[in-house]
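Just below is one structure, and these are the notes that go with it.
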Amino acid sequence: MIRRDHEEDSKIERLISRLSSPDIDTRRSAALALDHESDPNAMIHLKRLADDKSSSVRRVALHSISCAACKEEPIPYDVIPVLIKSAESDTSIRVRRVATHLLGNQQTDLRAREVLRKILQTASDEKLLRIAKWSLAQHGEELQTRCDP
Ligand SMILES: [Zn+2]
């Protein structure tokens, strides 16, 4: 039992160290593998990758820090501020869409609602608008207009 815990720890340590690799694919695949862990230390390092210079790494990192469905344990910290920052201000529209979708997967939250409403008022990207409508509905706010995907 103790041995297995130790192996598990060193696996997570190995993945954490790969998050700092200069190679984009290495960072991205480590971030993806950590989607199945709720280790608080791993989460701190993953959070850093929400500002990675590669947009594909940022997309995977945002998923891994906020996807409760892939984790056995509850996520050990508040992910909403990280998702809000990326949904509002990431330079990549694809990252903004992913962050907006992930906001819809979180538990009902007033901060998420507020930013999703703001995106609906200010965004021009059709896909982002559709995602924001869906996400807002997940937070208990049905809009007057219908949204057919
Ligand atoms: Zn996941």
Among (1) assigned to a helix (DSSP H, G or I); (2) touching a residue at least 24 places away in the same chain (Cβ under 8 Å), there is one condition Tyr77 misses while meeting the rest; what is its number? (1)
Subset of the range 93-133 [loosely packed, with under 15 Cβ neighbours inside 10 Å and touching a His at 6+ places or on another chain (Cβ under 8 Å)]: Thr108
Can you tell me which residues in the range 96-127 are modelled with pLDDT of 95 or more, under 18 Å from His63 (Cβ atoms) and not in a helix (DSSP H, G or I)? none
Of all residues making up the range 5-46, the number that are acidic (Asp, Glu), in contact with an Asp or Glu (Cβ under 9 Å, 6 or more places away or on another chain) and within 16 Å of the ligand (Cβ to nearest atom): 2
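Yes/no per residue for (1) among the charged types (D, E, K, R); (2) within 18 Å of the chain's Cα centre (by Cα); (3) under 23 Å from Ala112 (Cα atoms):
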residue	(1), (2), (3)
Pro22	no, no, no
Arg27	yes, yes, no
Leu62	no, yes, yes
Ile65	no, yes, yes
Is there a residue being closer than 17 Å to Glu73 by Cβ and modelled with pLDDT of 95 or more anywhere in the range 42-51? no
Pairs returned, first residue in the range 62-74 that is closer than 9 Å to Glu37 by Cα, second residue that is within 8 Å of the ligand (Cβ to nearest atom), beta-carbon separation under 6 angstrom, 6 or more apart or interchain, are Ser64/Asp35; Cys70/Asp35; Cys70/His36
Just a yes or no: is a residue in the range 74-95 small (Gly, Ala, Ser), within 14 Å of the ligand (Cβ to nearest atom) and modelled with pLDDT of 95 or more? no
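The values are calculated or read from the model by the stated rules, or taken from the named source; none is laboratory data. Keep in mind that what you see is a predicted model, and the values were worked out from it rather than measured. When we count neighbours, we look across all protein chains shown, and the Cβ atoms used for this are built from the backbone with ideal geometry, even at glycine.
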